[in-house]
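Structure record follows, encoded as structure tokens.
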Amino acid sequence: MASYPSLAPFVLQRPWLLRLLKPISNWYTNAAGYRRLGLRADDLIIEENETVLKALKRLPPQESYDRVYRIRRAFQASTIHQLLPKDQWTKPEEDVPYLRPILDQLAAEEAEKKALDSLTVVRNH
């Protein structure tokens, strides 16, 4: 999986910038609307990628089941053009990454594999 640039470490090291950007971040997340369909952010990761498919296979069975349930429920709500009742919306504290850590682990494994594959052995006589 390709690496992407992130300003998060820069922002997290500056409390004043974090205080400034946090309300904008919350507004943007709420405007995205996926929580109103009962989804979590990692549910939006497209599965048509070999790395993502590997990560999905590494999910614990319950987490995998929950993901499929959330996606199907959101699809059904979207099909009938209705949002879920407010008590079924994903709360911000529930919207934690569950797939991203596995994707990061797979990226690290791939980088390690490439490093080992390109390793050259030099013999000293």
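The values are calculated or read from the model by the stated rules, or taken from the named source; none is laboratory data. Quick caveat, the model's predicted, so the values are computed rather than measured. With ideal geometry, Cβ positions are generated from the backbone for all residues, glycine too; neighbour counts draw on all protein chains shown. Accessible surface areas use protein heavy atoms only, side chains included; no ligands, DNA or RNA. Shrake-Rupley method; radii C 1.70, N 1.55, O 1.52, S 1.80 Å.
Given points 7 Å out from each Cα along the Cα-Cβ axis, report the Lys86 to Thr51 separation in nanometres with one decimal.
Label at Lys86, label at Thr51, 4.0 nm between them.
Are there GluC sites (Glu not before Pro) in the stretch 22-51 that DSSP puts in a loop and that have at most 14 other Cβ atoms within 10 Å, and which ones? Display every interim value, and only then the final one.
On the way: sites: Glu47, Glu48, Glu50; in loops: Glu47, Glu48.
Sparse-neighbourhood loop GluC sites (Glu not before Pro): Glu47, Glu48.
Could you give the DSSP H helices of the chain that reach 18 angstrom or more along their long axis (alpha carbon positions) and whose average Kyte-Doolittle hydropathy is no lower than -0.5?
Qualifying helices, which must be both long enough and hydrophobic enough, are 15-32.
Quick one: what does P(r) look like for the stretch 1-122 with 5 Å bins over all Cα pairs, in whole %?
2, 9, 14, 17, 16, 15, 12, 7, 3, 2, 1, 1, 0, 0
Given the stretch 46-125, what count of lysine pairs have C-alpha atoms under 24 Å apart, with each pair 8 or more places apart or on different chains?
Counting lysine pairs in the stretch 46-125 gives 4.
Report the gain in length on full extension from Val122 to Ser6: 0.36 nm times residue separation, minus Cα-Cα distance, nm rounded to one decimal.
Gain on stretching Val122 to Ser6: 38.0 nm.
Heavy atoms only, probe 1.4 Å: what % of the accessible area of the chain goes to carbon and sulfur, would you let me know? Let's see the in-between values first.
Details: 5910 of 9940 Å².
Carbon and sulfur atoms account for 59 percent of the accessible area of the chain.
Separation between the Phe75 and Glu109 pseudo-spin-labels, each 7 Å from Cα along Cα→Cβ, expressed in nm?
2.6 nm
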